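These notes are about the structure you will find just below.
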Amino acid sequence: MINMTNWIARGLGVLLLLPLFSLAQFEEEDQRIVNEFIVMLKPSHSIENLLAQIPSVKIKKCLSPRMNIYLLERNTTASSEEFLFTLKQNEHIKLAQFNHRIKQRALIPNDPDFGIQWNMLNTGQGAGIAGADIEATEAWAIDTSNVTACGDTIVIAVIDDMFDLNHEDLNYFVNHNEIPGNSVDDDGNGYIDDVSGWNVFDMNGDVHSTSLFQASHSTHCAGIAAAIGNNGKGVAGVCWGAKILPVAGSSTQESEVVAAYDYVRTMRILYNTTFGTKGAFVVSTNSSFGEDFGNPTAFPIWCAMYDSMGYVGILSAAATANNNSTNVDVQHDVPTECASPWLIAVTNTNRNDLRSGAAYGKISVDLGAPGEGIRSTVPPSSYQNMSGTSMASPHVAGTIAAMYAGACKSLCNKYYEQPDTIALLIKKYILEGAEWVSSMNNITVTNGRLNLLRAITNLKKYNCDSCGFSVDVNTTPIVCKNDSDGTAVLTFSTGTVSDYDIVWSNGLTFSTLQDLTPGFYVATVTDTLTGCSRVATAEFHNPDTILINSITTTGADSLNPGNIIVNAKAGNETLLYSIDGITYQTTATFSIPTNGAYTVYVKNSSGCVAQKNVVVSDVEEIGNQKLEIRIYPNPADDALTVYCPQFEKQKTLLEVFDVTGRKIFEAVPQSSIFNLQSSIFASGMYFLKAGNTTQKFSVAH
């Protein structure tokens, strides 16, 4: 992580996890070919009689005429387990099983420097501990693709400085819909000549440099994620040869970082909306930069970019601070504390599985990954070791890419339909596959270190063939911000609840969950007869807080009614207004027959109601006027005196808020001196507001 000066950060929403599954649980499922079956017929029974009884199969190959063994291929919507059960019960068949892929135990690439890549295969070299790695060679034995089963070329966006675009061991994305050098936005994405990525600093497509100072960090990160493996050159990345979309945007200014993320998001949206004819199939981003001790509350737009990218299917990996004593849950960090479920925050481990000069956080940092003495690509077409959380994060960005390379066709088709949901499912598989290590225990979300093999193995839990049933989730949203009243109800296309075993990611086993807090919930539903499973998801967002910014009043007299005009907002929601709490209207103006005390009610689309008292009189109420207010003593013990000469002349609402913005007191002073009983407040800091004036005071008992 490169420290960025004068920055403030974010808070992390944690994805709820399913219980960790063992590798052995899915070992057989990993290798089976779900549409192919090997059968041994009984002596003197013919294959023709079997085909007559089961027309949904055909002979793919006769494996042994003498032993009556055949390889069959099916064409049916029944689940693979159901079909195997049908074969086993058939009168002509003696034995039946799935056909299986036979894999190498491990795949060792021929890249010259692979022997010192302890992060991929730790044999104890360099005084390390054997096995303290991400088990890459075993995962590569399963798959080394950089293209999805649906034919999409996988892209990793690296947001950093300049890049060595001519490096021999990297496979950079090229925008073939853009004509280089013609100063025209040929693909209509809003960027001119972005043939090889985008330079946010200079607002052009020039991201190339062979300078070690400018391009070593970014090129090194790119190589960790996706250096071309088994090509006889240099090193091997996590996802061999995945395309790197280079974006020069790791700035000391938030505006440029936001612009960098927006370019990535734009390219993915363009890909989605043109069915892959334009844009880039970006599945992950890597951010190896940030601000130590940054507080996320000051950077809502920075943090919101992870949600914005997540909605279109992009997961982001981010490096935490290079500070061994920093607990980011307490001391904060940007961006590893941002509250987005589409962000994976990463700390650093060494070849002995120890945290190495890196920050931590049980709430905010998801997992560790290798980051000390990591061999990777640098300009010009060279290689060297680097250390830091900057090197840990690209391991996760590359793992995300490898997950999509290993996903079955039905999963990638589902990704087209629900990119945000499937992206979260991929994150869940990665986090639940983290390998427990003592140095990460109780200081990260997962208590573990990245394990590529376990993540790929968990991916195989996704049901890639038809189960013969579908499951949906009906949700009732959370009403008010920070409430816990969400509801999720499972519904089934066939059968009843008793026909299924249900396990939610929070450990509950009911078809209906109530009193849910904001978060992402996953239900694994298993048919008790066939053992076939489906996954259903429910997501609950915090509604926007209803903010009543101001209330303007005009007093009634003997000739004219008075008015109450409300100014309120809750994000982009359409609000409803009332002054009786029963009848609501879309307009924020009320005509009132008489002066007096009223209560204004504001309701959002979920049914959450905020209210505020207002006094209407024939004397103009203080609205945006700056008042002369004195508070004493400050700090206060049992009583606080508020002096404001305008109180006697003009009716105004005096309000007290705590540091979280929660209103805890209000009154309408009748004289210039108002005595506030501070003994009713706990010790701490508070804010007093009247008109357009806010004063800070503290209480110390």
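The values are calculated or read from the model by the stated rules, or taken from the named source; none is laboratory data. Remember, predicted model here, so these are calculated numbers, not experimental data. Because the Cβ atoms are built from the backbone with ideal geometry, glycine has one as well, and the counts that use them run over all protein chains shown.
So how many residues does the stretch 645-666 have that are more than 12 Å from Gly691 (Cα to Cα), charged (D, E, K, R) and outside any loop (DSSP other than H, G, I, E, B)?
Within the stretch 645-666, residues that are more than 12 Å from Gly691 (Cα to Cα), charged (D, E, K, R) and outside any loop (DSSP other than H, G, I, E, B) number 3.
Filter the stretch 198-239 for residues that are part of a helix (DSSP H, G or I) and modelled with pLDDT of 95 or more and give the result.
Passing the criteria: Ala215, Ser216, His217, Ser218, Thr219, His220, Cys221, Ala222, Gly223, Ile224, Ala225, Ala226.
On the basis of being over 22 Å from Ser218 (Cα atoms) and touching a Gly at 6+ places or on another chain (Cβ under 8 Å), does Pro341 make the cut?
Values: over 22 Å from Ser218 (Cα atoms): yes; touching a Gly at 6+ places or on another chain (Cβ under 8 Å): yes.
Considered against the rule, which asks whether it is over 22 Å from Ser218 (Cα atoms) and touching a Gly at 6+ places or on another chain (Cβ under 8 Å), Pro341 comes out as yes.
Take the stretch 161-179 and flag every residue that is surrounded by 13 or more Cβ atoms within 10 Å (Cβ to Cβ), in a loop (DSSP other than H, G, I, E, B) and not acidic (Asp, Glu).
Taking the stretch 161-179 as the starting set, the residues that turn out to be surrounded by 13 or more Cβ atoms within 10 Å (Cβ to Cβ) are 161-165, 167-175, 177-179.
Imposing the further condition that a residue be in a loop (DSSP other than H, G, I, E, B) reduces the set to 161-162, 164-165, 167-171, 173-175, 177-179.
If the condition is that a residue be surrounded by 13 or more Cβ atoms within 10 Å (Cβ to Cβ), in a loop (DSSP other than H, G, I, E, B) and not acidic (Asp, Glu), then Met162, Leu165, His167, Leu170, Asn171, Phe173, Val174, Asn175, Asn177, Ile179 are the ones that fit.
Which condition number in (1) more than 22 Å from the chain's Cα centre (by Cα); (2) in contact (Cβ under 8 Å) with a residue 12 or more places away in the chain is the one that Thr496 fails?
(2)
Looking for something in contact with a helix residue (DSSP H, G or I) (Cβ under 9 Å, 6 or more places away or on another chain) and outside any helix (DSSP H, G or I) - is there at least one such residue anywhere in the stretch 427-434?
yes
Could you tell me whether Gly131 is part of a loop (DSSP other than H, G, I, E, B) and modelled with pLDDT of 95 or more?
Spelling it out, it is not the case that Gly131 is part of a loop (DSSP other than H, G, I, E, B) and modelled with pLDDT of 95 or more.
Any idea how many residues of the stretch 557-586 are outside any loop (DSSP other than H, G, I, E, B) and either in contact with a Lys or Arg (Cβ under 9 Å, 6 or more places away or on another chain) or not basic (Lys, Arg) (or both)?
11
Within the stretch 393-405, does at least one residue satisfy the condition of being in contact with a His (Cβ under 6 Å, 6 or more places away or on another chain), assigned by TED's automatic domain parsing to the domain that holds Ala319 and either at pLDDT 95 or above or part of a helix (DSSP H, G or I) (or both)? Before the answer, list the steps.
Applying the first criterion (in contact with a His (Cβ under 6 Å, 6 or more places away or on another chain)) to the stretch 393-405 yields none.
Scanning the stretch 393-405, I find no residue that is in contact with a His (Cβ under 6 Å, 6 or more places away or on another chain), assigned by TED's automatic domain parsing to the domain that holds Ala319 and either at pLDDT 95 or above or part of a helix (DSSP H, G or I) (or both), so the answer is no.
Is there any pair linking a residue in the stretch 662-680 that is free of Cβ contacts under 8 Å to residues at least 24 places away in the same chain to one that is buried (at least 16 other Cβ atoms within 10 Å of the Cβ) and hydrophobic (A, V, I, L, M, F, W, C), with Cβ under 6 Å and at least six apart or on different chains, and which?
Here the result reads Lys663/Phe657; Ile664/Val656; Phe665/Val656; Ala667/Leu654, each pair linking the stretch 662-680 to a residue that is buried (at least 16 other Cβ atoms within 10 Å of the Cβ) and hydrophobic (A, V, I, L, M, F, W, C).
Could you please let me know if Ser250 is touching an Asp or Glu at 6+ places or on another chain (Cβ under 6 Å) and not in a loop (DSSP other than H, G, I, E, B)?
Values: touching an Asp or Glu at 6+ places or on another chain (Cβ under 6 Å): yes; not in a loop (DSSP other than H, G, I, E, B): no.
When the stated conditions are applied, Ser250 does not pass them.
Cβ contacts < 9 Å: first residue farther than 16 Å from Asp133 by Cβ, restricted to the stretch 342-362; second residue among the aromatic types (Phe, Trp, Tyr) and not in a strand (DSSP E or B), any location; separation 6+ or different chain. Result?
Once the first residue is farther than 16 Å from Asp133 by Cβ and sits in the stretch 342-362, its partners that are among the aromatic types (Phe, Trp, Tyr) and not in a strand (DSSP E or B) give Trp342/Tyr306; Trp342/Tyr311; Leu343/Tyr306.
Among Ala226, Ala242, Ala248, which is surrounded by 24 or more Cβ atoms within 10 Å (Cβ to Cβ), touching a Cys at 6+ places or on another chain (Cβ under 7 Å) and within 25 Å of Tyr311 (Cβ to Cβ)?
Just one listed residue meets the conditions, Ala226.
With Asn122, Asn110 as the choices, which residue is of a type in the set (S, T, N, Q), surrounded by fewer than 20 Cβ atoms within 10 Å (Cβ to Cβ) and either under 31 Å from the mean Cα position of the chain (by Cα) or part of a loop (DSSP other than H, G, I, E, B) (or both)? Lay out the reasoning, then the answer.
Details: Asn122 fails: surrounded by fewer than 20 Cβ atoms within 10 Å (Cβ to Cβ).
When all the criteria are applied, what remains is Asn110.
Just one of Val615, Val535 is more than 20 Å from Lys663 (Cα to Cα), outside the structural domain of Ile426 (by TED's automatic domain parsing), in contact with a Lys or Arg (Cβ under 9 Å, 6 or more places away or on another chain) and not in a loop (DSSP other than H, G, I, E, B); which is it?
Every option except Val535 fails the conditions.
Please verify whether Asp501 is surrounded by fewer than 15 Cβ atoms within 10 Å (Cβ to Cβ) and at positive phi, treating the condition exactly as stated.
Answer is no for this residue.
Mind listing just one residue for me: the one in the stretch 506-532 that is in contact (Cβ under 8 Å) with a residue 60 or more places away in the chain and in a loop (DSSP other than H, G, I, E, B) and, of those, surrounded by the fewest Cβ atoms within 10 Å (Cβ to Cβ)?
Within the stretch 506-532, the first condition is being in contact (Cβ under 8 Å) with a residue 60 or more places away in the chain, and the residues that meet it are 506-507, 518-522, 524, 527, 530-532.
From what is left, the residues that are in a loop (DSSP other than H, G, I, E, B) are 506-507, 518, 530-532.
Values: Asn506: 15, Gly507: 9, Pro518: 19, Thr530: 18, Gly531: 13, Cys532: 19.
My answer is Gly507.
The rows are residues; the columns are (1) within 23 Å of Val283 (Cβ to Cβ); (2) among the hydroxyl-bearing types (Ser, Thr, Tyr).
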{"site": "Pro335", "(1), (2)": "yes, no"}
{"site": "Ser340", "(1), (2)": "yes, yes"}
{"site": "Leu354", "(1), (2)": "no, no"}
{"site": "Tyr383", "(1), (2)": "no, yes"}
{"site": "Met391", "(1), (2)": "yes, no"}
